[in-house]
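A quick write-up on the structure given underneath.
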Amino acid sequence: MIGALGCSAQADSEPTPTPTTTTTPTTTASPTATVTRARINVQLNPDKVTAGETSRVWILANCPVPTGGPAHTGTATSRAFVSGVTLNPAPPSSASPNSTGAPATPWVRGEAQVSGTVARGTYRVDVKCDGTNDTGRATLRVSRPEPLPSHVPTKAPRAGGGGTFGQAADDDSSLPLGPAGVVLGVALVAGVGIALRRRSRA
């Protein structure tokens, strides 16, 4: 009896359903492409000026030629400049051709004014290419005036001759009385005596 009940209970019980797993496809986001821009070459001519003097400096930068219509120009700024400088395309003669014979690198250039009130030190010159946003940097030095050499004579050298022969005309000294002076004095006295004798005879 018990066995029959056990069999009927097993027959009446429903099987436990096995859970089914559904796999959801995963999408991996593609990495965003980043554009790495190389710094452009910036040159200053001259790269050193004198403090206290109003100077002019040429800025030369190899900005790439933009595509899509923007002008091939750049902008240079610095604390040493009176104002920002617009860099325009340089003539082909001022560009630097490479050794492979390829066309010269496109350069832009402009002239900046450095005020005479700029203090001594080093100043950063930043350049930005307007059409491509490429950037570059150079350093301008503002130095103190160079002192005059200490060995420069203030008077012309005196002539030789020894003794007091070469004394300057503005020296406060009396004329030298040597043997020649004594002879000259005797001759003057003799001449005066001869003249007096002639007058007395006449």
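Nothing in this text is a laboratory measurement; each read-out follows from the coordinates by a stated rule. Fair warning: this is a prediction, and the values are worked out from it, not measured in the lab. Here Cβ is always computed from backbone atoms with ideal geometry, including for glycine, and neighbour counts include all displayed protein chains.
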Worksheet item: What is the set of long-range amide H partners of residue 41 at a cut-off below 5 Å, with H atoms built 1.01 Å from backbone N?
Response: 62
Response to the item:
In the neighbourhood of residue 143 defined by beta carbon distances under 10 Å, the net charge of the other residues (Lys, Arg +1; Asp, Glu -1) is +3
Worksheet, complete the sentence: Lys and Arg at +1, Asp and Glu at -1: neighbours of residue 87 with Cβ under 11 Å from its Cβ sum to 0
Response to the item:
Once amide hydrogens are built 1.01 Å from N within the peptide plane, the residues lying 5 or more places from residue 87 or on another chain with amide H under 5 Å from its amide H are 74, 75, 76
Worksheet item: If we sort 62-68, 127-133 on the protection proxy, mean other Cβ atoms within 10 Å, highest first, what's the order?
Response: 127-133, 62-68
Worksheet item: So, counting K/R as plus one and D/E as minus one, what does the shell of residues with Cβ under 12 Å around residue 45 add up to?
Response: +1
Worksheet, complete the sentence: Here the gain from full extension of residue 86 to residue 50, 0.36 nm per residue of separation minus their alpha-carbon distance, amounts to 10.6 nm
Worksheet item: Residue separation times 0.36 nm, minus the C-alpha to C-alpha distance between residue 77 and residue 39: what's the value?
Response: 12.1 nm
